[in-house]
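Notes follow once the structure below has been shown.
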Amino acid sequence: MQVTLRHWQKKDRFILAALANNIRIWNNVRDRLPHPYTIQHASAFIKYCRKQDPSPVLAIEVEGQLAGCIGLELQDDISRISAELGYWIGEPYWGRGVATEAVKQMMEYIFEAFPVLSRIYAKVFEYNKASMNVLERNGFHLESVQKKSAIKNNEIIDEYVWVKFR
């Protein structure tokens with residue numbers, strides 16, 4: 001199975017909307033990902049991503065088909081050497097190692113495209129063991145557990161902070 005990362009294209013909006021409009025994905029990401037997720041949301045997101053150079057947010061492809069999204073939220077001020085990693089995989093691609101390979105490739109891209117970065121971290125909801133496994137397989141280590149630090153679906157939950165250094 002070939003997993004590749006690439007820049008977003010306008011034509012991705014239809015498949016992006018279809019993949020992202022999934023409550024099972026939304027349950028594991030920040031609330032700023034709209035649900036339901038429409039073609040209009042997808043178009044605006046792609047337009048935003050295409051304006052950035054280098055782009056901190058990339059499309060994940062499996063065998064030439066759009067399969068998900070991976071990106072960075074660059075920090076600023078005194079934290080400008082850090083970035084938060086986030087990703088999601090479309091449900092048809094779950095359980096196939098796509099996220100593990102995408103994170104591996106993203107880490108290579110990050111340290112080349114963003115040389116100032118020395119610390120990449122990811123916050124994972126307490127119940128998302130699959131994502132924790134993806135990070136651990138890519139050399140991240142558990143830095144902390146932020147107790148009762150997030151609210152998702154009206155439930156207060158812990159966030160696990162995983163980190164990897166340059």
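222 nm [θ] for the chain, helices only, -39500 (n - 2.57) per DSSP H run of 4+, per residue, to 500? Let's see the in-between values first.
On the way: 5 runs with 49 residues, N = 166.
So the calculated ellipticity at 222 nm is -8500 deg cm²/dmol.
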Summing +1 for each Lys or Arg and -1 for each Asp or Glu, what net charge is found among the other residues whose Cβ lies under 11 Å from the Cβ of residue 62?
-2
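How much net charge surrounds residue 116 when only the other residues with a Cβ under 14 Å from the Cβ of residue 116 are counted, with Lys and Arg +1 and Asp and Glu -1? Before the final figure, lay out the partial values.
Numbers: positive: 80, 119, 166; negative: 76, 77, 112.
Its environment carries a net charge of 0.
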The chain: relative contact order in percent, alpha carbon pairs under 8 Å with at least 6 residues between:
19 percent
Looking at 165, 71, 40, which one has the Cα that reaches farthest to the positive end of the dipole of the chain (charges on Cβ: Lys, Arg +1; Asp, Glu -1)?
40
A correct fewest-to-most ranking of 116, 3 by other Cβ atoms within 10 Å would be 116, 3
Integer Hz, Karplus 6.51/-1.76/1.60 couplings in order for the stretch 157-166, x for Gly and Pro:
9, 7, 10, 9, 9, 9, 9, 9, 9, 3
One would report the antiparallel percent of DSSP beta bridges in the chain, rounded to the nearest 5, as 90 percent
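Check each of the GluC sites (Glu not before Pro) in the stretch 1-89 and keep only those in coil by DSSP with at most 13 other C-beta atoms within 10 angstrom; list them in order. Before the final figure, lay out each step's value.
Details: sites: 61, 63, 73, 84; in loops: 63.
When the GluC sites (Glu not before Pro) of the stretch 1-89 are filtered for loop state and at most 13 Cβ neighbours within 10 Å, 63 remain.
The numbers here are math on the coordinates, done by the rules we state, and not lab data. Given the structure is predicted, the values throughout are model-derived calculations rather than measurements. Neighbour counts are summed over all protein chains in view; Cβ atoms, including those assigned to glycine, are modelled from backbone coordinates with ideal geometry.
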